[in-house]
Amino acid sequence: MVDTPLLDTVEYPADIRDFTREQIKQLADEVRTEVIDAVSVTGGHLGAGLGVVELTVAIHHVFDTPDDKLIWDVGHQCYPHKVLTGRRDRMRTIRKGGGLSGFTKRAESEYDPFGAAHSSTSISAGMGFAVARDLAGRNNNVVSVIGDGSITAGMAYEAMNNAGASDSRQIVILNDNDMSIAPPVGAMSHLLSRTVSSGGYQALRGAAKALVKDAPRPIRSTAKKAEEYARGMVMGGTWFEELGFQYVGPVDGHDLDALIPVLENVRDMKEGPVLVHVVTQKGKGYAPAENSADKYHGVSKFNVVTGEQSKSIPNAPSYTKVFANSLIKEAEKDDRIVGITAAMPGGTGMKEFGQAFPDRMFDVGIAEQHAVTFAGGLAADGFKPFCAIYSTFLQRGYDQVVHDICIQNLPVRFAMDRAGLVGADGPTHAGAFDIAYLGCLPNMVLMAAADEAELARMVATAVARDDGPTGFRYARGEATGIEIPDDPQPLEIGKGRVLREGSQVAIFSYGTRLGESLLAAERLESHGLSTTVADARFAKPLDSDLLHRLARDHEVLVTIEEGSVGGFGAFCLHDLSASGALDRGVKIRTMTLPDTFIDQDTPEKMYEQAGLDADAIVAKVFAALGRQGVEKRA
């Protein structure tokens with residue numbers, strides 16, 4: 001092996017097209033080291049990227065990116081891709097404010113033809129690129145890399161069904177790092193994979209198809225199935241063949257001597273969709289990741305030598321932990337409570353619930369649509385399902401929420417984690433829209449927790465409510481540190497609370513901006529403005545009596561929420577307008593997330609940028625009163 005560091009000579013994939021096989025192997029080792037070193041500084045997704053180092057290098061070596069389109073599913077595994085596509089010098093800014101996204105992003109590079117942070121989109125997008133190529137008369141390749149988890153989602157099946165019935169040439173690479181569908185990967189399977197993807201086999205296959213082209217339909221069908229089953233018996237992949245894909249594999253995704261020839265053969269195929277089954281190991285090449293239960297999927301900063309991650313000592317439990325503990329306590333009293341999540345048991349707290357009640361927790365995989373309707377079936381038969389899905393992922397099951405739950409008025413409980421802005425994951429994971437998209441639905445009761453004690457009460461409220469669907473949202477990260485009652489009682493539906501009484505300014509908060517609202521009230525008081533602070537608790541039904549009192553008894557009323565335009569503030573304006581309260585001269589201002597997607601940063605900086613911190617509240621009040629601005633707090 002050559003001693004010269006190769007990565008220093010590589011800026012873009014064109015630089016590695018002429019590399020020898022030995023140079024490609026050396027480059028893969030150097031890319032792996034670079035990714036480990038970068039993520040040790042920044043934190044982020046590690047295991048998935050380490051698992052596809054050889055695959056990434058091989059793809060960029062074989063294919064003519066960016067003219068050939070390379071589409072990564074989800075994007076957790078795109079770090080080696082970024083190293084090789086002109087972004088190595090910025091890798092230590094990944095997931096930071098002003099830095100690289102943790103996912104593929106069209107605005108970031110021409111080598112990212114399609115952005116992805118949610119799963120199972122790559123085959124659909126790839127088919128779009130393939131058809132666009134055909135319509136434009138071009139001849140480039142389209143390669144979609146999808147993981148074994150993502151390919152279980154319904155959208156991937158829909159895409160494969162459509163692509164398999166099409167003549168558009170598309171390459172799908174199934175990155176299999178956890179499935180049991182693969183037969184043993186060894187010399188024989190590598191030989192077979194090279195054989196069926198080779199030009200000679202393809203020519204023979206084409207000749208056989210031409211031979212029976214004009215034969216009666218039963219003969220054509222029999223010949224096709226015979227060829228499929230013959231290959232399926234020795235290689236597997238019959239299921240993909242039935243969907244219309246030519247199956248190649250399995251191939252060892254870390255053996256470049258096996259992988260590169262197969263990719264070269266597939267690149268030169270002339271017709272139809274093909275699926276290459278590549279077997280990889282998550283966390284490959286870094287012992288702490290290989291030995292970790294989750295293969296170091298997401299990590300904080302860590303020591304490269306020991307693998308030990310730096311962990312800050314929390315001042316309070318996370319909202320996710322509070323939800324899990326609260327639900328477990330309720331489930332101990334009510335055996336009809338069941339938990340459902342869509343491939344996120346750890347992130348939603350369902351892992352702890354499943355440990356306590358293994359027969360009452362269901363992880364349905366990356367299938368939010370199914371999760372919602374599955375919960376509906378449980379609710380229709382007398383159970384109390386809690387569907388724990390991130391706000392941003394529940395968007396994927398919206399039609400089911402409308403059609404299967406709300407129209408039938410079924411008592412499904414939606415626990416929406418990651419409400420509001422979420423920091424390093426950026427706009428794709430921000431829970432910005434659930435207030436608006438759920439608040440417009442008949443029969444829905446909608447709550448937001450301002451602190452952990454309120455969250456525990458909202459879990460109890462959701463358990464107690466059996467006459468329709470309920471949703472409650474809560475933030476990512478640490479809670480406030482206040483005491484949680486031992487036996488939290490259900491809230492009165494549609495009733496808020498007043499935490500501070502004043503006479504001139506009223507701040508009506510929905511969710512965890514309550515803390516900033518109280519800080520703003522203190523500052524307003526220091527400027528001689530007596531301020532009321534109220535926690536709405538409910539966006540639907542609104543506490544109309546409280547809202548009208550705030551509007552009637554104060555000169556300025558400010559609503560604030562961690563959601564998009566069209567949510568809580570809009571509901572308040574609609575209620576006041578319908579009653580004629582707006583005619584009485586109160587100055588009403590709504591504070592929402594801006595009508596933009598906010599890139600990753602710390603949550604504090606993101607909320608400052610969004611104009612939803614105490615400084616922004618004070619400025620909003622002063623603007624409403626026509627006063628000059630005040631200094632920002634240190």
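If we scan the range 94-111, do we find a residue that is of a type in the set (S, T, N, Q), without any contact (Cβ under 8 Å) to a residue 60 or more places away in the chain, under 17 Å from residue 173 (Cβ atoms) and out of contact with any strand residue (DSSP E or B) (no Cβ under 8 Å at 6 or more places or on another chain)? Checking the range 94-111: not a single residue is of a type in the set (S, T, N, Q), without any contact (Cβ under 8 Å) to a residue 60 or more places away in the chain, under 17 Å from residue 173 (Cβ atoms) and out of contact with any strand residue (DSSP E or B) (no Cβ under 8 Å at 6 or more places or on another chain). With respect to the stated conditions, residue 148 fails to be crowded, with 20+ Cβ neighbours inside 10 Å, at pLDDT below 95 and of a type in the set (Asp, Glu).
Checking each residue in the range 492-526 for being within 20 Å of residue 434 (Cα to Cα) and assigned to a strand (DSSP E or B) picks out 508, 509, 510. Total residues in the range 275-309 satisfying the condition of being modelled with pLDDT under 80 and of a type in the set (Ser, Thr, Tyr): the figure is 4. Does at least one position in the range 569-576 carry a residue that is out of contact with any strand residue (DSSP E or B) (no Cβ under 8 Å at 6 or more places or on another chain) and not assigned by TED's automatic domain parsing to the domain that holds residue 420? Within the range 569-576, one or more residues are out of contact with any strand residue (DSSP E or B) (no Cβ under 8 Å at 6 or more places or on another chain) and not assigned by TED's automatic domain parsing to the domain that holds residue 420. A residue that is buried (at least 19 other Cβ atoms within 10 Å of the Cβ) and modelled with pLDDT of 95 or more can be found somewhere in the range 96-111.
Criterion applied to 340, 313 was being free of Cβ contacts under 8 Å to residues at least 12 places away in the same chain, outside any helix (DSSP H, G or I) and either in contact with a His (Cβ under 9 Å, 6 or more places away or on another chain) or not assigned by TED's automatic domain parsing to the domain that holds residue 512 (or both), and the one residue passing it is 313. The strands (runs of 3 or more DSSP E) falling completely within the range 527-634 that include 2 or more residues that are hydrophobic (A, V, I, L, M, F, W, C) and under 26 Å from residue 395 (Cα atoms) map to 538-540.
Residues in the range 424-479 that are of a type in the set (Asp, Glu) and surrounded by 19 or more Cβ atoms within 10 Å (Cβ to Cβ): 425, 434, 451, 452, 454.
Looking at the range 18-73, the helices (runs of 4 or more DSSP H) lying wholly inside it that each contain 3 or more residues that are modelled with pLDDT of 95 or more sit at 21-42, 53-62.
Considering the range 10-36, and only residues there that are within 33 Å of the chain's Cα centre (by Cα), farther than 13 Å from residue 58 by Cβ and not acidic (Asp, Glu), the residue that is surrounded by the fewest Cβ atoms within 10 Å (Cβ to Cβ) turns out to be 14. If you take the residues in the range 239-291 that are in a loop (DSSP other than H, G, I, E, B) and of a type in the set (Phe, Trp, Tyr), which one is farthest from residue 29 (Cα to Cα)? Among them, the one singled out is 245. Among residues of the range 498-523 that are farther than 17 Å from residue 624 by Cβ, those with a beta-carbon under 9 Å from a residue that is part of a strand (DSSP E or B) and aromatic (Phe, Trp, Tyr) at least six positions away or on a different chain give the pairs 510/538. Among all positions in the range 554-561, there is at least one residue which is within 14 Å of residue 432 (Cα to Cα) and at pLDDT 95 or above. Among the criteria (1) free of Cβ contacts under 8 Å to residues at least 24 places away in the same chain; (2) crowded, with 20+ Cβ neighbours inside 10 Å; (3) not in a loop (DSSP other than H, G, I, E, B), the one residue 143 does not fulfil is (1).
In the set 29, 68, 64, 73, which member is of a type in the set (Asp, Glu) and touching a strand residue (DSSP E or B) at 6+ places or on another chain (Cβ under 6 Å)? Answer to the check: 73. Summed over the range 158-181, residues that are touching a residue at least 60 places away in the same chain (Cβ under 8 Å) and either surrounded by fewer than 21 Cβ atoms within 10 Å (Cβ to Cβ) or farther than 21 Å from residue 49 by Cα (or both) total 11. Just a yes or no: is a residue in the range 256-271 within 30 Å of residue 463 (Cβ to Cβ) and aliphatic (A, V, I, L, M)? No, the range 256-271 has no match at all.
Within the range 112-139, the set of residues being part of a loop (DSSP other than H, G, I, E, B) and surrounded by 17 or more Cβ atoms within 10 Å (Cβ to Cβ) comprises 112, 113, 114, 115, 117, 118, 119, 120, 121. Candidates in the range 363-372 are the residues that are out of contact with any Phe, Trp or Tyr (no Cβ under 6 Å at 6 or more places or on another chain) and buried (at least 20 other Cβ atoms within 10 Å of the Cβ); of these, the one that is farthest from residue 398 (Cα to Cα) is 366. For the range 415-444, a residue qualifies if it is on the phi < 0 side of the Ramachandran plot and in a loop (DSSP other than H, G, I, E, B), and the qualifying residues are 417, 421, 422, 424, 425, 430, 432, 433, 440, 441, 442, 444. The residues in the range 587-627 that are β-branched (Val, Ile, Thr) and surrounded by fewer than 16 Cβ atoms within 10 Å (Cβ to Cβ) can be counted, and the count is 2.
The values are calculated or read from the model by the stated rules, or taken from the named source; none is laboratory data. What you see is a predicted model, and the numbers here were worked out from it, not measured in a lab. Note: ideal-geometry Cβ built from the backbone for every residue, glycine included; neighbour counts use all protein chains shown.
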